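The values are calculated or read from the model by the stated rules, or taken from the named source; none is laboratory data. Fair warning: this is a prediction, and the values are worked out from it, not measured in the lab. A quick note on method: Cβ atoms are made from the backbone with ideal geometry, for glycine too, and the neighbour counts reach across all protein chains shown. Keep in mind that these areas ignore ligands, DNA and RNA; they rest on the heavy atoms of the full protein, side chains included. Shrake-Rupley method; radii C 1.70, N 1.55, O 1.52, S 1.80 Å.
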Amino acid sequence: MHRRPPRLFPPFLLLVVALLLTGCGVDGDQAALCRKLIPAFDSGPVTILDTEALTGDEPALRLTYRAETGTRWIACRFGGRFFDSRRHELVAVATDRMGRLRPMQFTMLRIWAGLPAARLGLPPESSGPERAAPTDWAPLLFFLQQVINAATVACVYGLLALGYTLVYGILGQINLAMGELTMIGAMLTAMGAAALGMAGLGSLPVAVLGVFATVMAFTAVQGWTMDRLVFRRLRRTHNHTPLIAAVGLSIAYQEGMRLLHGARDWWPAPFLADRHELVSDGAFTVTALTSQAVILLMTGGLYALLWAIMQRTAYGRAHRACADDVGAAELVGVDVDRTVATTFAVGGALAAAAGAVIALYYGGVNFYTGYLIGFKALAAAVVGGIGSVPGAMLGGALLGLVETFWSAYFAIAYKDIVAFGLLTLFLIYRPDGLMGRRRGRGD
């Protein structure tokens, strides 16, 4: 009897190829840290022309960029590579005009940057007692640190995925402009944080929460307006016109923000950046920021509030009725237009919350911030089961874990490939997601 040779599983082959490529390229985290130092030497808009790894005993890279003064470069050397705990520790900086910075210049640069000591290699970490050798617990502690880091990323994706899934659940359509509402939330939060800093109120949590609430309210109005002016008029169409309109809205928001505020990055002052040591083996210390705990509590509170709204209020009942059958809901007296408009407003507020987390925790927001974040959050919603509120949070958590652990153990340059590769696999093998259910309109 002729036996068919075994067929290799295509995703496995893709994973093998990806693993073979992880040793290539530049560490994206190190490139981002080096990029953040450029404004100390050149003011005004900057365009990165090239990023290259430098040879030597210690990992180093050089960024070539174009500024108002011409084409320049900056080189940064770090204390470790992809798998090392010191991969974020800056040990030397050189520029084309100043050469390698002298110790005093390097110290002043570290103070100017205001980054955590673990990322800058401040003197107390190198001038004190000799660091202990790694123990058998070091890999486990490093794993725990990545779980803590992934929680914040998961909050961003989960909040925006909720916005996608609420709109899809009631209309059966994807609003691709939702990512731009996140961008608006991030930009407005950065501007508000800068205003608080100028007024001397940046360290007051109440003032920051006031900015946060104001931004959410403003973006909720943006979501309501988006439905009222665009999507309500296209609701009865049965083609791809709403999707094309969403793409047009996305581009309009991006270009409008670029023309109003320019293409430069906004870096608000860190919010609640106190670092707490959780556990240590003498060589590696697991730490967490106060802001990470606040972000987790805020996300949990917003999710609980949304659950209460969907289960306990008239709007929640109307949303569920429209999600089951819009026509039947309209026949029994549900105001479909008001319900859909409220859904867009709630989705806009959640998108703004994700943008506020990006601005206050990560920084570096610009008019293009919402583009890639929006597509990744959509991937999270699809993986979790688009249309399912718990599925949106589950998909955000899963995507956050995948991205963070890939960045920690492999080349960060490929994390977007992994994220969208995960989406592709789910679309092929489980198109309804983890918690989605297959249904037609009217079931």
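Brief remarks follow.
- Of the residues making up the range 89-138, those that are of a type in the set (D, E, K, R), at pLDDT 55 or above and either surrounded by 12 or more Cβ atoms within 10 Å (Cβ to Cβ) or outside any loop (DSSP other than H, G, I, E, B) (or both) number 4.
- Residue match in the range 333-345 (condition: farther than 27 Å from VAL211 by Cβ, of a type in the set (Ser, Thr, Tyr) and modelled with pLDDT of 90 or more): yes
- Residue match in the range 405-414 (condition: without any contact (Cβ under 8 Å) to a residue 40 or more places away in the chain, in contact with a helix residue (DSSP H, G or I) (Cβ under 9 Å, 6 or more places away or on another chain), over 25 Å from GLU255 (Cα atoms) and open to solvent by less than 60 Å² (accessible area, probe 1.4 Å)): yes
- Residue match in the range 172-183 (condition: open to solvent by 10 Å² or more (accessible area, probe 1.4 Å), hydrophobic (A, V, I, L, M, F, W, C) and either assigned to a helix (DSSP H, G or I) or within 12 Å of ALA269 (Cβ to Cβ) (or both)): no
- Tallying residues that are open to solvent by 50 Å² or more (accessible area, probe 1.4 Å), acidic (Asp, Glu) and touching a residue at least 24 places away in the same chain (Cβ under 8 Å) within the range 264-295 yields 0.
- When residues of the range 347-371 are limited to those that are surrounded by 19 or more Cβ atoms within 10 Å (Cβ to Cβ) and either of a type in the set (S, T, N, Q) or out of contact with any helix residue (DSSP H, G or I) (no Cβ under 6 Å at 6 or more places or on another chain) (or both), the one modelled with the lowest pLDDT: LEU360
- With respect to (1) open to solvent by less than 40 Å² (accessible area, probe 1.4 Å); (2) within 22 Å of ARG320 (Cα to Cα), the lone exception for PRO390 is condition (1).
- Residue count for the range 176-225 under the criterion of being more than 18 Å from LEU166 (Cα to Cα) and not aliphatic (A, V, I, L, M): the result is 12.
- The sole residue among ARG320, ARG312, ARG338 that is within 22 Å of LEU234 (Cβ to Cβ), out of contact with any strand residue (DSSP E or B) (no Cβ under 7 Å at 6 or more places or on another chain) and surrounded by fewer than 17 Cβ atoms within 10 Å (Cβ to Cβ) is ARG338.
- Within the range 30-70, the residues that satisfy the criterion of being in a strand (DSSP E or B), under 24 Å from GLY80 (Cβ atoms) and not hydrophobic (A, V, I, L, M, F, W, C) are ASP50, THR51, GLU52, ARG62, THR64.
- All positions within the range 139-153 that are aliphatic (A, V, I, L, M) and either in contact with a helix residue (DSSP H, G or I) (Cβ under 8 Å, 6 or more places away or on another chain) or open to solvent by less than 20 Å² (accessible area, probe 1.4 Å) (or both): LEU141, VAL147, ILE148, ALA150, ALA151, VAL153
- Residue that is farthest from MET183 (Cα to Cα) [pool: residues in the range 296-309 that are open to solvent by less than 70 Å² (accessible area, probe 1.4 Å) and without any contact (Cβ under 8 Å) to a residue 24 or more places away in the chain]: ALA308
- Contact map, the range 34-45: first residue closer than 16 Å to ALA92 by Cβ, second residue loosely packed, with under 14 Cβ neighbours inside 10 Å, Cβ cut-off under 8 Å, separation 6 or more or different chains; pairs are ALA40/TRP112; PHE41/ARG97; PHE41/MET98.
- Residues of the range 54-88 that are at pLDDT 85 or above and either among the hydroxyl-bearing types (Ser, Thr, Tyr) or open to solvent by 70 Å² or more (accessible area, probe 1.4 Å) (or both): ARG62, THR64, TYR65, ARG66, THR71, TRP73.
- From the options ALA293, ALA283, residue that is among the small types (Gly, Ala, Ser), part of a helix (DSSP H, G or I) and more than 25 Å from VAL167 (Cα to Cα): ALA293
- Contacts under 7 angstrom Cβ, first residue in the range 219-234 being within 14 Å of GLN173 (Cβ to Cβ), partner in a helix (DSSP H, G or I) and open to solvent by 30 Å² or more (accessible area, probe 1.4 Å), 6 or more apart: MET226/LEU249; VAL230/LEU249; ARG232/ASP337; LEU234/THR241
- For PHE367: the one exception among (1) hydrophobic (A, V, I, L, M, F, W, C); (2) touching an Asp or Glu at 6+ places or on another chain (Cβ under 9 Å); (3) in a loop (DSSP other than H, G, I, E, B); (4) within 19 Å of CYS322 (Cα to Cα): (4)
- Summed over the range 416-443, residues that are in contact with a Gly (Cβ under 9 Å, 6 or more places away or on another chain) and either modelled with pLDDT of 80 or more or of a type outside the set (D, E, K, R) (or both) total 8.
- Per the listing ALA186, ALA151, ALA161, ALA190, the residue uniquely within 25 Å of VAL382 (Cβ to Cβ), in contact with a strand residue (DSSP E or B) (Cβ under 6 Å, 6 or more places away or on another chain), outside any loop (DSSP other than H, G, I, E, B) and modelled with pLDDT of 85 or more is ALA186.
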